[in-house]
Structure formats: structure tokens, C-alpha cells
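Chemist: Structure provided below as C-alpha cells; questions to follow.
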Amino acid sequence: MKKLAVLISNAGTGTNLQAIIDAIKKRDLHAEIQIVISGSPDAYGLVRAKKNHIPTLILKPNDKGDTVLKNMNPDFIVLAGWKRIISDHLIEDFPNRILNIHPGLIPDSLDGTVKNPDGTASLWNKGKMTDVAINNFLISKSTYAGSSVHFLTHEFDFGPVLARTFEKIQKGDSVDTLYSRLKVKENKICVESLKKLCIKKNILIIGSGGREHALGWKIRQSPEVNSIYFAPGNGGTLEIGKNIDINIEKNIEIAEWAKENKIDLTIIGPEGPLVSGIVDLFQKKGLIVFGPNAAASQLEGSKAWAVKFMQKWKIPHPQSFVFSTAGEAKRFIQKSKWQGMVAKADGLAQGKGVIVCDTKSEAEKAIDEVMVKKTFGDAGKSAVIQEKLLGEEVSILAFCDGKTVVPLLSSQDHKRIYDDDKGPNTGGMGAYAPVPFVSSQLLAKITKTILQPTIYGLKKEGIEYKGVLYAGLMLTKQGPKVLEYNVRFGDPETQPLMMLLESDLFSIIESCIKGTLKKTDVTFKKGSAVCVVLTSEGYPSAYKKGQEILGLKPYDDKNLQVFHAGTELKDDKIITSGGRVLGVTGYASTLRKAVSKTYKEIGKNKIYFDHMQYRKDIANKALKISDREEGK
Amino acid sequence: MQLALLAASGVQHRGQQGAGVALQYKKGVKLYTGAGLLHDVFPKYVVNRLNKPSKWTLIHCRYGTHGGYDKRNLQPCIVTSREGVKIAVVHNGEFVGTEKIRKLISKEAPPDISDTYIFAQLLAETEGLTWEHRVIHALSQVNGAYSLLIGIDGKLFVARDEMGIRPLILGQIKDKWIVASETHALVKAGAVILREVKRGEIIRIDANGISVIKRGIEGAGHFCDFEWAYFGRPDSLLPTHEQPDSGKHPSDWLSLSTFRERCGAIIASESPIPRATFVLGIPDSGMAVATGYANAMKLPYRQVIIRDHFDPHGSQRLFMRDDQIKRIKKKVLGKLSLIADKHTWKDAIVVLGDDSIVRGNVAAKITKAVFAMGAKEVHWVIGFPPVAHPCYLGVSIRTKEELIAYRYQSDVKRIAKKIGATSVNYISRKGFIRARLLSNDFKTSQDPSHIFLANGGCAGCVTGCYPVSREGETHKFMLNSVL
């Protein structure tokens, strides 16, 4: 629910305030008045506020109210008869969030004019205060008087207009008679404008994985959200929103659809659209979007760029070298004294462009794959070779608003297809959070030495990072080091993290976009969550599709959810349509309980499909470590 | 600060009682004022101390027309708004109806405080969401003669009264802006003269550059005629405002020097003295009138009275020091020096030219001195009609009684007798107006005393008819159709 601060004075009788109070009472306006601030103790609006049990504050004569407003951080500030100065700082802190009612017709551009209903030019009354302005309608012999609700900007009596109203001037009108009629209309447009601003939002989520389902599930719980659309979505997202059949390779088509369908917020799941600049495109079209822009997405889009960036800003990372020809890379491998090394394709390779090598010949083969055979296409134009680090891998995801970084709980992914980390790499076979061996001190250290320097470095390079930053870390003896950056939520880490997140996801995302993350509540439940991914047999290579999934039921339990990935609805049946099919996710007070609760749901007569395959050891390592510690 | 000081030296002649500066530094507003001329108030060590980057700098040379002469009334005048924001105001002109404004403000204003302070306090108490609203609103409640600069936070507001009584010129130095009462100040600072601030206009200058927040009124208002005759420096330019579209560009403006020469030529046609031995102008503002007269009459011009720049009062204008009327007489001859060779003066018929006669003190002293040198006749030619009424719009003529023309009902014979001169020849009212018009667009009025008002002037000091009354009522006058 949107929070409002209404600023009044002893001018007038607080009718605007009353109109807002009434609209909220009637549930017409989806907002609450956080506070009524008055510049004078004798304002009648204070009486109205007290009658309705709304907190009030009377400012001292020399107080501009900046501090209290900044601390309370309401979504909108309504100036209802306020006469004290609005400082430039406040306007900067609340861009398009301070509403004012001006007794004149504000045009959309500084050199424009608004036409009256009868086609004559209306009066702006720029710089005129109420009585003077109303009188001006009369002495200028205008046919209509009128008012505008607008957002405050640095230009006085000008800013984005939310609503206008007209009142025909009648014979014999005086300032009082005219204003008394206009005021009724003013109250109306003030409430109407607020209604529009406080209306529940329509959300579009781009992607089709378990991650997108989990994000949708979480944001569905926000009181501010109206409809959720998924593009393209999957068999599970249908239950919480609508799936849109749209080519997500084409950013422009998505943007046009979002504009046409009045989407208030678009959340980008996968990295592809981010790297190809979907955020820049949306912003250019005036659409609200969550995710980093193309410049910031280079952190994931180019491993070489990321390496150079970490070197420049001294962010801890394994020793790394960038090569643009296979020859150079191989010469380097030959000379290298490293025990093992990691070869990476520079560009995006759907999570498969990382090859861990224990010998030099393996490394040379890897370079051949990447740079000669171009198995990953253009992503292999250049390559990065890094020393292989020893230690535990963890994922740290963090919300960023360009200035502030707030990490989520630590989590751990399980990349290999088989138990005990055997077999080839996959997109992720399961995850859990929080990771028991990432203490709050370690998380603070990671924030200080990795996350914050990353955002700071980007900022210094003129790149504003707004979105989720994912740091894939190795916890080495020398401290945490960055193996890779991702510029989005991880899959499947997102599934347990969303189950653990207590705060409203919509508010967090909104604050990331607005740059007010610092003041926003990001809290997690105590306890643990686990996600076990069910895949089709054969994955990550060839696998069968079209198997009917049995045992699915509506899950009302917020602590147990099945997030869909490769599923679709066909003839009223949910069938498999991808390699990773489902992510069964459970929460409990301890990790052990969460693990057993989750696995209990999987199997014949429970959640099951033919040729189902999954790991049985998700979070086992963490449990062993905690066992050892308990054993002490 | 140095640039401001340089520019201010270009308007030093307009105010010599004291000077002051207000600067908006990053940390806040700094005010520095003192009595005397700029070089007295701002010795080098003071300038060095103030010479820091500032968003705006207001500098003012005080010429008290209202309020007491003590230091408190020196400008810039600084008041604090209820929010604790410092407001700095400099003002050229004089508000009318100050008693009414006094009642609008809650704070008890000291009895001898200046009109500028009262206005600044009004502005500080005005309510409104933005300073733009407040400035517009506060100015809508006052009347009179004002060319104002108001510095608030990072903003500088520039405003001029609706009659356009006092001058205000806008100029530019690269990406900086400069506003001053005379073009000469802009030239001194190396600025490009852009335009005059229109009457009734309010301009805001801030980080985004310049924007007009209240549109001004086109065309002539009621510009002070005494500015033309006496106040302005001869090398300053002023627009003549005859036709709606003319004179917009500074290159079309008229210099005060040229204007005053024209006055001299017009007096020559109105009151010729062909028998004169030579013509002589009283330094500095009388010289142009006398030159114009001499040229028109084809009479020799001789600068046999010179200004003594090294006299203790040599650089000051005597009329300005109205706080010391009694002492003016004594100073006259110290400041001016007569070339003392007898051949020049013996039996000569001398025509003395001056811009105006206000109190007659200077004229009487000089007449006496010239006769003492052996002259046979002393004739005065005066480039401004008789000043018989006080001015409450920005020139310090506070009482009628001090005016020689009032005391002798503008009777030139009686005035001549009082001064001791053979004759006193004022320019006619019509002649004066014609001198400042580039075209022949001269308008007549039903009531002859409205002649200046009909032709874009004020000259209330000549006619007693002012564009706005002392209480703040706008004067209504009838225009005759042009004959």
C-alpha cells in the first residue's frame, strides 16, 4: 500500500485532506496517510486528521520539514495548502513524488497553452498564488477557470501534469463564488490523480524458468500488484498469471507489448536480453524495468571485460589472463606453472562456456573447443584463462540501486548432474540457503570487499548498476574471490531465496529503480530452504519431452512450492517440455528438516514423471559440515 | 569580487555615501559594508579576503533616498526568511507607500530603516512553495521606483518596476551574467550589453542560465528624466523607447553625452546669446550642454574652469552628498579651479553651461567667482527645466524648500538675481523631451504638466506630476491625439 504525507497550513479548511481521507475510507484509494504535516498549529486539517486517527506533526516556524519527510520516506507528498518553501533538495529526493494543486492550467511544455473546453486559450497563472490566480481568471475575462494537479519540479508551477479540471465562469462571479466551485473539482482531481498513482501494478516477467516462476510467486504476494504476465512463462506460471506468446529474442517486440498493455514494471529473468540492452530500450521508451543496462551487463556478457574490471578495481579474483588468439593461449598454457586451470569463453554460452581443466592437455583441448572449433560461437572470439582455486563455491546475490548494495542470504548451487558432484555441468540441479559456513561476518566481508567495490567501480566508470548482482565466489584460504559475475537472479538459487524472503519483493524492486534501497526493508525468515531440481533423463544432453507430470496439486503452503521450469500445459495436463522440469522447494526451521521435507514430496505416487532424474544429495555437504561442528 | 568591484566603479558616481557587497559562497552569504567610496570600503586586504568563488555577488554604492544615513541602511540589505534562508537585496530607486508595507510585515521595523529593508522583510515573510512565487507575490504588493537584485540561495532575481523609472541593464561575460544600473559598469567589467531589463519584468538567473519568470511590459514607461540630465555618466547609453520596436538593440541607444549636447543646441535656438565672448561648461556634467550650445551658436568654447582631482572632494559629486547640504557651499570652489589669467576674463560675456540647477548653491558660488575674475556678464544655460518639486522616486530631493526654483516660482529673473547672474536660461520642457527622442514622435497632452508622462518620462521634479503617488496610486493622465 502506498504511503502518503499530506502537507497543510491554516489557509483553507483542509477539504483536500478530507477528500483523500474519504476516498481511502471508501477503499476507493489504495493508500494510507502516513502523516499530516502542518505549518501552523491552528490548521483545521489537523482536527480532521485527529478525528481519523492519522498521526500529525506541527512544524516549528523555521523547519522546512525536509528531514522528517526524508526519514519517513512516503511514496507521495501531497501539498494541500502548504505555503512553506519546498527546497530543491526535497524535489531531488522525491522526483515525481510531490503533488501540487495549481490554480491555473499548466501546459505540457513550457511554451504551450491549454485550451478551455470552448476552444479559447486558458490561463496558466504561473507564479500566481491562489487568490491572485482566481482573481486573474475574472479580470482577464476568461471563459473558464481551472486547476492542474502536477508533480513539483525545479521549474516553478510546472511539471508533469496528472490531471486538469475546468469550471465555467458565471456572470457575477466573485473570487469567493468561483473558487468555492473550483475547489470541489480540485478535490476530485487530486483524489483521482492519487488513485492513478496508487493503483495496483501490472507486472511482466521475462523468462520461462523456475527462477521466473519463483519471482512471480513471490511478487504475487505483494498488495501492490495487480496482474502478472510471463513471457513466455511455463506450465506453472499459468497459475499465478498469464503467459504471453512473444518472441523474447526480440527486445523491441517485448517493449512494444509492454507499452500497449500498460505494464508498470518489467522484470528481466535471463541474461540474454540484459546483455543485448533490453533495459536501455525500455528506459528509452519510458517503461519501468528492473535489471542492469547493457553497459552494466558486460560483467556477465564479457568475461574478459569482467576480468579487466576486477583487475582495475582490485576486487579479489583468481589470477586471470585474457587471450584473443588460440596460439597465444596455448603458449601461455605450456609455460604455466598452475596445478589446474579454468578456460572460459568470453561471451555468453548459456552457462556452458566454463571448462575446468586439471592438466595442460585438457586446457589446450578446451581452448580448441572455445577458440578454434567455436563450439560456443562468437562467445569464443576471445578467452580467459584463470588459475583453478580450491575451496567451497557459494553464490551471493544482492539487490543494487546504483548506490546501495543489500545482499540476500548466501546460497549454494549444485552444478553437476550426478550425486557427489559427478558428471557434466548443468544449469543447476538444486540449491539451498542460507549456507551454514557463510557467517554474518563473512557476508559482511564479502559485501565490503566485493559487492560494494563492484558497484563503486562501475559508478566511477559511469555505469549505474540497478538490479540484482550475482557474485559466484570461491571461499579460499586467502578469503572470498570472484569466479564470475552474473547480472541477474540465479536459477535455482532464486527458488529457496524467494521462499526465505520476508519483505515485499515489489517494494524492494521499486526502491532499486528509484534509488531508495537504503531505506527499504529487506528481511529474511529464520530457517532454511532447499530446492531440488527434477530433470528429464538424458539432460544435459538429449532428453525426452512430453511426459505427463503426476502428483501436482495446488500448493497453498507458503513453505512448500513446486516451481515449474520446462513444463507446459497441453490438453489440461502438465507435461515436460525441457531438461530441467521442476524445482521442488521446501522451507523448514533447520536445513535438515527442509531437506527431508522437500525430498518427501518427490517419487512415485508423489511428484513423478517417467524418466525423471534428480540428485539425492542436495545440501548434503553443508549438512556434513554442520554435523562435524555439532560433533565437536 | 574583483570583477564586481571593477563593475561597481562604473556606477560609483551614482552613490558615494557608502558601499557594500554580499557574496553567496558555498558555505553561506557573506556581507561586507562600509562608509565612503569604494576604495575606502574595499582596501586591498579586504578584497583579497572576499575574493573567493561565489554563485552570485551583489555590490552596491549607496545613495540614500529613504531612511537614515547610518551604516545599518547600507546595502546589500540582508534579512532571514522564516526557514532561515538569507535574502540579500540591492535596490536602486525608492518604494512608495512604505507605511502600508510596514503594516504588512509582522516584524516591527525600526523607524529610521530604509524602504529596501522593509521590502526585504516583506519578501522574507511572504509564503509560497518556491522563491519564484514569493518574489512575484512580494513585488505585486509594492509600488514605486525599483531596480532590484535579489540573491537567494543559488538564485539571483532581477526585477524592475512597472513604470521603468530607474534603469537596469543586463549583460553577459562568457557564461556569467551581469546586471547594473548603467551600461558603463558593464563596459568596465568587459561584458557584452544584451538588453535593458524590461519594466515590470522579473528575471531569474541560476545554474540553468537566465529565465524570465514574469514577462515585462514593452515600450516606454516613465523613465526618470533626471537620469538623462544629470545622473548617468556621459559615456553610458540608454534606450529611447519612442516606437514599440525601435531601440531594442543597444547599438540603437543614445549616449547621455550626445543627449546633453543636443540639449545645449536646443537651448541655443531657444535662448541665443550671440554677443557672448565664450562658452564654458561646468565639469563634468555641464560640459556636454555647453559644448552643444557653443557649437550651435558657433561661439568659442573654453574650458577655463577645471576640476581639481586632487582636492579632498575632487572625485565626489556635490549634489549627491545631500547629508551635508550646509557644507556643500564651502566645497564648491575647492573642487573647481578657475584658470586665473586676467585676459581671459576681463570684460568678458561668459556663458556658463550646466546640466541642472537644483539648489543653486554651486551656481551662486561660481557666478561670484567669475565676476570676481573681471567678467562683465554671466549667463547660465541649463540643460534641465527648473526643478521645483521634490522626488520620492529615487533622487534625494526630499523637500521643496531646498529647491531654488520652488522658492522663486521658477521665475528666471528672480532666480538669476538670487544666484547673482545676468541671466539664467533653462531648456524648455518640450525642448528637453525632443532632445532625447531620435524620431519626431512627440506627443502633446491636455494638461501641459503631463507632457513628460505623455512622452515616456517622469520629471515629477519639474512638473509635480508623478507617474505614481507617494502613497502608491498610479497616476492617470490623458493623452491628446498627436497634432
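The values are calculated or read from the model by the stated rules, or taken from the named source; none is laboratory data. On a predicted model such as this, the values are computed, not experimentally measured, just so you know. Positions of Cβ are backbone-derived with ideal geometry, glycine not excepted, and every protein chain shown enters the neighbour counts.
Chemist: For A:LEU29, all conditions in the list (1) buried (at least 18 other Cβ atoms within 10 Å of the Cβ); (2) within 14 Å of another protein chain (Cβ to nearest Cβ) hold save one; what is the number of the exception?
Modeler: (2)
Chemist: I'd like to verify a number: residues in segment B:80-121 that are surrounded by 24 or more Cβ atoms within 10 Å (Cβ to Cβ), over 23 Å from B:CYS391 (Cβ atoms) and more than 14 Å from chain A (Cβ to nearest Cβ), how many?
Modeler: 2
Chemist: Another question, if that's okay. Of the residues in segment B:191-208, how many are surrounded by fewer than 20 Cβ atoms within 10 Å (Cβ to Cβ), out of contact with any strand residue (DSSP E or B) (no Cβ under 6 Å at 6 or more places or on another chain) and in contact (Cβ under 8 Å) with a residue 12 or more places away in the chain?
Modeler: Going through segment B:191-208 one residue at a time, the tally reaches 1.
Chemist: Check whether at least one residue in segment A:421-443 is within 26 Å of the chain's Cα centre (by Cα) and among the basic types (Lys, Arg), and report yes or no.
Modeler: No, that holds for no residue.
Chemist: Being in a loop (DSSP other than H, G, I, E, B) and modelled with pLDDT of 95 or more is the filter here; which residues of segment A:144-169 pass it?
Modeler: A:ILE169, the sole residue that qualifies.
Chemist: Here is a follow-up. Of all residues in segment B:204-224, count the ones that are in a loop (DSSP other than H, G, I, E, B) and over 16 Å from B:LEU156 (Cα atoms).
Modeler: Final tally of qualifying residues: 8.
Chemist: Any idea how many residues of segment B:337-357 are more than 26 Å from the chain's Cα centre (by Cα), among the charged types (D, E, K, R) and under 17 Å from B:HIS379 (Cα atoms)?
Modeler: Final tally of qualifying residues: 2.
Chemist: Can you say whether A:SER109 is outside any helix (DSSP H, G or I), away from chain B (no Cβ under 14 Å) and buried (at least 20 other Cβ atoms within 10 Å of the Cβ), as far as the supplied structure shows?
Modeler: no
Chemist: Regarding A:LEU46, is this residue part of a loop (DSSP other than H, G, I, E, B), buried (at least 22 other Cβ atoms within 10 Å of the Cβ), more than 34 Å from the chain's Cα centre (by Cα) and more than 10 Å from chain B (Cβ to nearest Cβ)?
Modeler: Values: part of a loop (DSSP other than H, G, I, E, B): no; buried (at least 22 other Cβ atoms within 10 Å of the Cβ): yes; more than 34 Å from the chain's Cα centre (by Cα): yes; more than 10 Å from chain B (Cβ to nearest Cβ): yes.
Judged against the criteria, A:LEU46 is not a match.
Chemist: Same structure again: Just checking, which of A:LYS70, A:LYS60 is basic (Lys, Arg) and within 14 Å of chain B (Cβ to nearest Cβ)? Show your work before the answer.
Modeler: Working: A:LYS70 fails: within 14 Å of chain B (Cβ to nearest Cβ).
That would be A:LYS60, the only listed residue that is basic (Lys, Arg) and within 14 Å of chain B (Cβ to nearest Cβ).
Chemist: Take A:PHE309 and decide whether it is among the aromatic types (Phe, Trp, Tyr) and either over 27 Å from the mean Cα position of the chain (by Cα) or more than 30 Å from A:ARG220 (Cα to Cα) (or both).
Modeler: yes
Chemist: Moving to a separate point now. Show the residue pairs meeting these rules: Cβ distance below 9 Å; 6+ apart or different chains; first residue within segment A:83-94 and within 11 Å of chain B (Cβ to nearest Cβ); second residue assigned to a helix (DSSP H, G or I) and modelled with pLDDT of 90 or more.
Modeler: Here the result reads A:ILE85/B:TRP131; A:ILE85/B:ARG134; A:HIS89/A:LYS70; A:LEU90/A:LEU69; A:LEU90/A:LYS70, each pair linking segment A:83-94 to a residue that is assigned to a helix (DSSP H, G or I) and modelled with pLDDT of 90 or more.
Chemist: Could you check segment B:462-476 and list, in sequence order, the residues that are surrounded by 13 or more Cβ atoms within 10 Å (Cβ to Cβ) and either among the charged types (D, E, K, R) or assigned to a loop (DSSP other than H, G, I, E, B) (or both)?
Modeler: B:GLY464, B:CYS465, B:TYR466, B:PRO467, B:SER469, B:ARG470, B:GLY472, B:HIS475
Chemist: Of the residues that make up segment A:68-91, is at least one loosely packed, with under 13 Cβ neighbours inside 10 Å and farther than 14 Å from A:LEU152 by Cα?
Modeler: Residues of segment A:68-91 loosely packed, with under 13 Cβ neighbours inside 10 Å: A:71, A:89.
Of the ones still in play, those that are also farther than 14 Å from A:LEU152 by Cα are A:71.
Yes, segment A:68-91 contains at least one residue that is loosely packed, with under 13 Cβ neighbours inside 10 Å and farther than 14 Å from A:LEU152 by Cα.
Chemist: Look through segment A:400-420, keep the residues that are part of a strand (DSSP E or B) and over 21 Å from the mean Cα position of the chain (by Cα), and return whichever of them is farthest from A:TYR539 (Cα to Cα). Explain how you work it out, then say what you get.
Modeler: Of segment A:400-420, the ones part of a strand (DSSP E or B) are A:400-401, A:405-413, A:416-418.
Next, from what is left, pick out any that are over 21 Å from the mean Cα position of the chain (by Cα): A:412-413, A:416-418.
Numbers: A:GLN412: 21, A:ASP413: 17, A:ARG416: 11, A:ILE417: 8, A:TYR418: 11 Å.
By that ranking, first place goes to A:GLN412.
Chemist: Just give me the residues in segment A:117-130 being surrounded by fewer than 19 Cβ atoms within 10 Å (Cβ to Cβ) and either assigned to a loop (DSSP other than H, G, I, E, B) or within 11 Å of chain B (Cβ to nearest Cβ) (or both), in sequence order.
Modeler: Passing the criteria: A:PRO117, A:ASP118, A:GLY119, A:THR120.
Chemist: Further question on the same structure: Being among the charged types (D, E, K, R) and modelled with pLDDT of 95 or more is the filter here; which residues of segment A:272-288 pass it?
Modeler: A:ASP280
Chemist: If B:GLU127 passes every condition in (1) surrounded by fewer than 20 Cβ atoms within 10 Å (Cβ to Cβ); (2) in contact (Cβ under 8 Å) with a residue 12 or more places away in the chain; (3) more than 27 Å from B:PHE231 (Cβ to Cβ) but one, which one does it miss?
Modeler: Of (1) surrounded by fewer than 20 Cβ atoms within 10 Å (Cβ to Cβ); (2) in contact (Cβ under 8 Å) with a residue 12 or more places away in the chain; (3) more than 27 Å from B:PHE231 (Cβ to Cβ), only one is false for B:GLU127: (2).
Residue-by-condition table, conditions (1) free of Cβ contacts under 8 Å to residues at least 12 places away in the same chain; (2) within 13 Å of B:LEU5 (Cα to Cα); (3) surrounded by fewer than 19 Cβ atoms within 10 Å (Cβ to Cβ):
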residue: B:GLY18; (1), (2), (3): no, no, no
residue: B:LEU23; (1), (2), (3): no, yes, no
residue: B:ALA35; (1), (2), (3): no, no, yes
residue: B:LEU38; (1), (2), (3): no, yes, no
residue: B:VAL41; (1), (2), (3): no, yes, no
residue: B:VAL46; (1), (2), (3): no, yes, yes
residue: B:ARG49; (1), (2), (3): yes, no, yes
residue: B:LYS52; (1), (2), (3): no, no, yes
residue: B:THR57; (1), (2), (3): no, yes, no
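Chemist: Related question: Would you confirm whether any residue within segment A:201-211 is part of a helix (DSSP H, G or I) and either under 30 Å from B:VAL135 (Cα atoms) or touching a Gly at 6+ places or on another chain (Cβ under 8 Å) (or both)?
Modeler: yes
Chemist: Sticking with this one: Return the residue satisfying two criteria in turn: it lies in segment A:135-191 and is within 14 Å of another protein chain (Cβ to nearest Cβ) and at positive phi, and of such residues it is nearest to the chain's Cα centre (by Cα).
Modeler: Here the residue is A:GLY159.
Chemist: Now for a different question. Would you be able to say whether some residue in segment A:243-258 is part of a strand (DSSP E or B) and more than 30 Å from A:ASP572 (Cβ to Cβ)?
Modeler: Looking through segment A:243-258, none of the residues is part of a strand (DSSP E or B) and more than 30 Å from A:ASP572 (Cβ to Cβ).
Chemist: Can you tell me which residue within segment A:32-43, out of those that are touching a strand residue (DSSP E or B) at 6+ places or on another chain (Cβ under 6 Å) and part of a loop (DSSP other than H, G, I, E, B), is farthest from the other protein chains (Cβ to nearest Cβ)?
Modeler: A:PRO41
Chemist: Okay, moving on. Which number in (1) assigned to a helix (DSSP H, G or I); (2) over 24 Å from A:GLY427 (Cβ atoms) marks the one condition that A:VAL522 misses?
Modeler: Only one criterion is unmet by A:VAL522, namely (1).
Chemist: State all residues of segment B:123-147 that are of a type in the set (A, V, I, L, M, F, W, C) and either within 24 Å of the chain's Cα centre (by Cα) or away from chain A (no Cβ under 14 Å) (or both); if no residue qualifies, say none.
Modeler: Within segment B:123-147, B:LEU139, B:VAL142, B:ALA145 meet the criteria.
Chemist: Would you call A:TRP305 assigned to a loop (DSSP other than H, G, I, E, B) and hydrophobic (A, V, I, L, M, F, W, C)? Talk me through it step by step, then tell me what you get.
Modeler: Numbers: assigned to a loop (DSSP other than H, G, I, E, B): no; hydrophobic (A, V, I, L, M, F, W, C): yes.
It is false that A:TRP305 is assigned to a loop (DSSP other than H, G, I, E, B) and hydrophobic (A, V, I, L, M, F, W, C).
Chemist: From the list A:LEU274, A:LEU287, pick out the single residue that is in a helix (DSSP H, G or I), out of contact with any Asp or Glu (no Cβ under 7 Å at 6 or more places or on another chain), under 26 Å from A:TYR470 (Cα atoms) and not β-branched (Val, Ile, Thr).
Modeler: Answer to the selection: A:LEU274.
Chemist: Where the second residue is of a type in the set (Lys, Arg) and surrounded by fewer than 24 Cβ atoms within 10 Å (Cβ to Cβ) and the first is touching a residue at least 60 places away in the same chain (Cβ under 8 Å) and lies in segment A:459-479, which pairs have Cβ atoms under 8 Å and are six or more apart or on separate chains?
Modeler: Short answer, once both residue conditions are applied: A:TYR465/A:LYS459; A:LEU473/A:LYS481; A:MET474/A:LYS481; A:GLY479/A:LYS445.
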